[in-house]
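Data first, discussion second: the structure below is written as structure tokens.
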Amino acid sequence: MENLLCDIVKSIVDKPDEVNVQINEGDNTRIYELSVGEGDLGKVIGKKGKNVSAIRTLLTAVSAKEGGKRAILEVIE
């Protein structure tokens, strides 16, 4: 799932080399911490948060299909 997230975000941003995803796992959750290069944060969030909302929906759907832990996406500034 980490590769899916990286591929989606790298296709949106201007500086794909600066995309970084770190995973923190809890008992029932898996938190994906996404950091991007300077100036690319707005592109990831999108107008009125539509891009980040769509990415979160995809992560939720994939984690539900796997039957695993709940996935949470945090965008780090």
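Assorted remarks:
- Rounded to the nearest 500, the helix-only mean residue ellipticity at 222 nm of the chain stands at -13000 deg cm²/dmol, with each DSSP H run of n ≥ 4 adding -39,500 (n - 2.57).
- Solvent-accessible area per residue for the chain (1.4 angstrom probe, square angstrom): 66
- Stretching L41 away from D17 to a fully extended chain increases their span by 7.2 nm, per 0.36 nm per residue minus the current alpha-carbon distance.
- Available extension along the chain between C6 and N28 is 5.7 nm, counting 0.36 nm per residue and deducting the alpha carbon span.
- Three-way shape call for segment 17-59 based on the alpha-carbon gyration tensor, with the a/c threshold at 1.5: oblate
- Think of the chain as having a plus end and a minus end, set by charges on the Cβ of Lys, Arg, Asp and Glu; of I55, C6, G26, I55 sits farthest toward the positive end of this dipole.
- Between 0 and 90°, nearest 10: helix 50-66 axis offset from the chain longest Cα axis: 30
- Sulfur and carbon atoms: percent of accessible area, the chain [1.4 Å]: 46
The values are calculated or read from the model by the stated rules, or taken from the named source; none is laboratory data. Owing to the predicted nature of the structure, the values given are computational and were not obtained by experimental measurement. All Cβ positions, even for glycine, are placed from backbone atoms using ideal geometry, and neighbour counts span all protein chains on display. Ligands, DNA and RNA are stripped out before the accessible areas are found, and what is left, the full protein with its side chains, is counted by its heavy atoms. Shrake-Rupley method; radii C 1.70, N 1.55, O 1.52, S 1.80 Å.
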